[in-house]
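Here the structure comes first, spelled out in structure tokens, and everything after it is commentary.
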Amino acid sequence: MQVKKELPEIFDEFGEMRQKGFLAVKELKEQGTPVVGVYCTFMPEEITMAAGALQISLCSTSDETIADAEEDLPRNLCPLIKSSYGFGKTDKCPYFYFSDIIVGEATCDGKKKMYEYMADFKNLYLMHLPNMRNSPESFALWKAEIIRYKEMLESYLEVEITEEAIREAIKLKNQERTARKNFYGLGKLNPLPISGSEIFKVMYGANYSFDKPALIQNLTETREQILADYETRDKTPSDKPRILITGSPIGGATEKVIRAIEENGGEVVAYENCTVAKPIERLVDETEADVYEAIAAKYLDIGCACLSDNQPRIDLLDKMIDDYQVDGVLDMVLQFCTPFSVESRKIKQFCQKEKQVPYLYLETDYSNADIEQINTRIAAFIELMKG
């Protein structure tokens, strides 16, 4: 893959990957590649890859189909759940349409019940995620679920998933994680070599690049080009407050939060949430003798608020606040997302008392109705940090 000469052109390409991916998936389907649709980063992609299938993130970040979803689901439900269901119900998501099977996860009560309805119009398989992470029983349950998923894929796709194939998938996926981590790690630099919105555009678009070796090369070479350009620039540190975003998944409609930060004089230097860092930071142990234990350990360590206790989230925030020289933490929580909403008190206390950085809790949905309110609150937050 050739690296383009102009960086803006590179960012545009990543920004368009989701749309271009529609045609890529269609071509892969025509070539006989099975497609597994998922909504969550807990899904063990290594098993899907070892089956010779493509695992793809489904549409769930727009209010376009929420009205359709509310014909079946309560209005006072997380917009991510309603959007997921609405795009599936209306067949307005090409990725959902091309998926041979949807693999859901029992991350929250709303999703679990939504999947019951989704199963009425799509082949659906549900993985049982433990409610707790710090017990031998929880680990054994999750390991068994991964093996059960592997056996389901073998039966459903009529393939054999060998341990050798799983190990090869682990190596390739770890290489991808490392390339992603190195790229969004550009946010550690001060001044930033590219904007936080550009970092996010690349990370979000990378989810829809299905040729992993090409993606790894593209991320690596693009980062090298950015750093080479950075070396020619003035490196006077920026006086803009450096903000880390944590909380619910971000992307699509909720990118309004990123824009509000940058338009009001701040910089987004890090994204702890599952759209960027949360599922990437820890690799699968390639030396572990039991591949299923290695995969189970990695995925059970993802710091999602749906699990108790959520110390991995605190640990990752602790590290990222230091590594990215963070001046303030913005906790973006989707409306009616109970796990993250309840956990916000603990995150606030950690940020303010242990890390001595300002904290802002921001609740939003997928509409544009609160944009002015978001701008007002973020502008005040940034002024506080400039103080």
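The values are calculated or read from the model by the stated rules, or taken from the named source; none is laboratory data. A quick note: this is a predicted structure, and the numbers were derived from the prediction, not measured. All Cβ positions, even for glycine, are placed from backbone atoms using ideal geometry, and neighbour counts span all protein chains on display. Keep in mind that these areas ignore ligands, DNA and RNA; they rest on the heavy atoms of the full protein, side chains included. Shrake-Rupley method; radii C 1.70, N 1.55, O 1.52, S 1.80 Å.
In a Gaussian network model over the chain where Cα atoms closer than 10 Å are linked, find which of ALA179, ALA169, ALA119 has the largest mean-square fluctuation. Judging by the Gaussian network model, the answer is ALA119.
Each of ALA369 and THR178 was given a label point 7 Å from its Cα along the Cα-to-Cβ line. The distance between the two points is 4.8 nm. Between helix 17-30 and the chain there is an angle of about 10 degrees, using the helix long axis and the longest principal axis of the Cα atoms. When the square roots of the Cα gyration tensor eigenvalues are ordered a ≥ b ≥ c, the ratio a/c for region 305-374 is 1.5 or more and a/b does not exceed b/c, which makes its shape oblate.
How high is the relative contact order of the chain, given as a whole-number percent (alpha carbon pairs under 8 Å, six or more residues apart)?
19
Considering only SER135, SER341, SER62, the Gaussian network model of the chain with Cα springs below 10 Å gives its largest mean-square fluctuation to SER135. Taking the protein heavy atoms of the chain in the context of the full set of protein chains, the accessible area attributed to carbon and sulfur is 48 percent at 1.4 Å. Computed over neighbours whose Cβ is under 14 Å from that of LYS319, the net charge equals -2, Lys and Arg +1, Asp and Glu -1.
Accessible surface area normalised per residue over region 269-366 is 38 Å², counting heavy atoms of protein chains with a 1.4 Å rolling probe. Here the simple spin-label model places points 7 Å from the Cα toward Cβ, and for ASN190 and GLN356 these points are separated by 1.4 nm.
Shown is the FRET efficiency for GLU158 and ALA289, computed with R0 = 30 Å from the Cβ-Cβ distance and rounded to the nearest 0.05: 0.55. Here is the list for region 268-360: GluC sites (Glu not before Pro) lying in DSSP coil, each with at most 13 other C-beta atoms within 10 angstrom of its C-beta, are GLU286. Taking amide H positions as modeled 1.01 Å from N, with prolines and chain starts lacking one, the residues under 5 Å from GLU363 and 5 or more places away or on another chain are VAL333. For the residues PRO79, PRO237, PRO34, a GNM of the chain with alpha-carbon springs under 10 Å puts the largest fluctuation on PRO237. Other residues with beta-carbon under 12 Å from the beta-carbon of ARG180 carry, at +1 per Lys or Arg and -1 per Asp or Glu, a net charge of +4. Since only LEU219, GLY266, ILE66 are under comparison, the one whose Cα sits farthest along the positive direction of the charge dipole of the chain, derived from C-beta charges on Lys, Arg, Asp and Glu, is GLY266. Charged neighbours of PHE121, selected by a Cβ distance under 15 Å, balance to -4 (K, R count +1; D, E count -1). At the residue level, THR107 shows approximately 20 square angstrom of accessible surface with a 1.4 angstrom probe and all protein chains present.
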